[in-house]
Amino acid sequence: MTVAEYIAKKFKERGVRYVFGIPGGPSIPYMEEFNKHGIEFILTTNETAAGVMADITGRLTGIPGICHATFGPGATNLSTGIGGAMLDRSPVIALTSVLPETMRKRTAQMNIDHQLVFEPVTKATVIVDNKNISEVLTDAFELATDEYPGPVHIGLPSDQALLKTQEKIRRPDGRVNNRELLIDDELIELLEYSSKPLLVLGLTAVRSGIKDEINDFLAKHRIPLIVTPMAKGLVDENHDCYCGVLFHAASDRLSPVINEADLVIGLGYDPVEYNYESWLPDVPLIHFNTVFTDMPEKLMVRQIIGSLQGLLSMIDPVIKSPGEWDPIFISECRENIQSLVRKDYKKFGPVKAMNILRETLPANIIMCLDVGSHIHLFGQYWRTGKEGRILMTNGWSSMGFGIPAAIAAALNEPDAPVACVTGDGGFLMMCGEVVTARRLNLGVLFIVLCDRELNLIKIKEERKGIEKIGVDLYDGSLIGEKTFLGVPVRTSDNEESLRRILSGIYPLEGPVIIEINIDPSEYNDLIIT
């Protein structure tokens, strides 16, 4: 086989269905082989979007998402999306064209060192040839999916695609994954001593497939639960033990429960979202995770490393049940947070818009959130219930995430309704990708909250006593037309019109944009900075 044929064959065997990106001339042999093997090349309008789409594909399927870019500017654009996969812990393989070895160190058009570009945002970066391709691909898939999952970069020299491979059979490396957690006497003593433990779920718990175990554990022990933003959805927001989301809107109102705890149990907690020391009370911490986590010395912490599956059944016998937590106290904490979005806000702002969306959108919707003030609101108050899911970036937190994330979600889960909520700033960064959704005829609802500014930055400037600088986006309307790049646009600036738009919008026969003009002033009362 040629190198191009071998890569396509191995991708197909691994379950790869899509490659996202923008091709260059050296990409053509690979694209031809992808097509022959039934792998669809999804053309994007920006390489960053291709990285985001690969990220979401890896999250949803567990199979590394594949993305591709050409030399120089294609690769640097792609690196922004790849950084998201690195810090949001998604398995991805990023392919870029590179010059032949004889030209790689010379001055040449579009030539930079791709390995230096990708080294800080990947788990590994390597250049293949027809002699090492089998070993590189095997290692890349294993490394991308090992804990923590993340991206691997492979450089494809432009002179290698049509060379015949020299495949080698590899011997197993003896690597052991998902080792069992060991519970020792010191840990048992900490758990037995505690009468008010607090359970905190993080991103790693989402990947571990322990949602049912968590709910069974809470049904027995009734201890309070808080989650990091990317762990939202593991437990129904109406659960008696659920309190709220760290770091997002009104999270200061979690303090009564946090300060009452005498022990914190971090289950799959990843500080890439929010460092422990930013909120942890002065009590012992038991940190259960799949990999070692760097911690400040001042924390009283026991780290237990290994598989999270079956962990809760191991600690179940030593947790006091019932403990001293008052169920009313827990529900009051939750209600204290939730009450803020039931207030009668006089203006048509993000809370009223979100509440209407909560009432009208399908319960099983996949909600993709862009970065901005609205992510703090929706991240705390959007209800995933038992069916819905929420996708966001928090470790990387790059604006422009929402639109390509929603497109990838619709491709990978075609039977689920998908929506994106973005601010106008994030929309402007990635609005070209609505053409991708249009070309693929994907029924994605793009919801744009238009406040004509970078509101989160404005709030931070105001709280520092600084006059607003560099936050105004435009005057008048963002779109103000019935279509945008051939995609239908519905515009709302009040409750009645938004309800009317949403009442007849499903089923979607293609992408639709809802432009919602809001007054952003209520963000000031909700966002914690």
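Tabulated data for the structure shown
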| quantity | calculated |
| --- | --- |
| Condition met for R452 (surrounded by fewer than 22 Cβ atoms within 10 Å (Cβ to Cβ), modelled with pLDDT of 95 or more, more than 25 Å from Y345 (Cα to Cα) and assigned by TED's automatic domain parsing to the domain that holds E359) | no |
| Condition broken by I154, with the remaining ones in (1) more than 21 Å from the chain's Cα centre (by Cα); (2) at pLDDT 95 or above; (3) more than 18 Å from A8 (Cα to Cα); (4) not in a loop (DSSP other than H, G, I, E, B) satisfied | (3) |
| Region 445-483 - residue that is aliphatic (A, V, I, L, M) and in a strand (DSSP E or B) and, of those, nearest to I518 (Cα to Cα) | L449 |
| Lone qualifier among I447, I479 - being touching a Cys at 6+ places or on another chain (Cβ under 7 Å) and either in the same structural domain as I407 (by TED's automatic domain parsing) or not acidic (D, E) (or both) | I447 |
| Looking only at region 476-508, and only at residues there that are basic (K, R) and touching a residue at least 12 places away in the same chain (Cβ under 8 Å), the one that is nearest to C431 (Cα to Cα) | R490 |
| Region 100-125, residues that are more than 31 Å from the chain's Cα centre (by Cα) and either more than 18 Å from N77 (Cβ to Cβ) or of a type in the set (D, E) (or both) | P100, E101, T102, M103, R104, K105, R106, T107, A108 |
| Evaluation of I93 against (1) part of a helix (DSSP H, G or I); (2) touching a residue at least 60 places away in the same chain (Cβ under 8 Å) (one fails), failing number | (1) |
| Count of residues meeting criterion [farther than 22 Å from L182 by Cα and in contact (Cβ under 8 Å) with a residue 24 or more places away in the chain] in region 279-304 | 1 |
| Region 235-245: number of residues that are buried (at least 24 other Cβ atoms within 10 Å of the Cβ) and among the hydrophobic types (A, V, I, L, M, F, W, C) | 2 |
| Complete set of residues in region 36-89 that are outside any helix (DSSP H, G or I) and among the β-branched types (V, I, T) | I39, I42, T44, T45, I63, I66, T70 |
| From the options I22, I28, I42, residue that is assigned by TED's automatic domain parsing to the domain that holds G62 and either over 23 Å from the mean Cα position of the chain (by Cα) or among the aromatic types (F, W, Y) (or both) | I28 |
| Among (1) surrounded by fewer than 17 Cβ atoms within 10 Å (Cβ to Cβ); (2) basic (K, R); (3) modelled with pLDDT of 95 or more, the one test that K123 misses | (1) |
| Residue that is surrounded by the fewest Cβ atoms within 10 Å (Cβ to Cβ), among those in region 484-529 that are in a loop (DSSP other than H, G, I, E, B) and polar (S, T, N, Q) | T529 |
| All positions within region 299-323 that are in a loop (DSSP other than H, G, I, E, B) and either over 28 Å from A219 (Cα atoms) or not β-branched (V, I, T) (or both) | L299, M300, G306, S307, L308, Q309, G310, K320, S321, P322, G323 |
| Segments classed as strands (runs of 3 or more DSSP E), wholly inside region 192-298, with at least 1 members that are modelled with pLDDT of 95 or more and of a type outside the set (A, V, I, L, M, F, W, C) | 197-201, 242-245, 263-267, 285-289 |
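Yes/no per residue for (1) under 25 Å from R358 (Cβ atoms); (2) of a type in the set (D, E):
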{"site": "E453", "(1), (2)": "yes, yes"}
{"site": "V471", "(1), (2)": "no, no"}
{"site": "E496", "(1), (2)": "yes, yes"}
{"site": "R500", "(1), (2)": "yes, no"}
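The values are calculated or read from the model by the stated rules, or taken from the named source; none is laboratory data. Predicted model only: the values in this text are computed from it and were never measured. Positions of Cβ are backbone-derived with ideal geometry, glycine not excepted, and every protein chain shown enters the neighbour counts.
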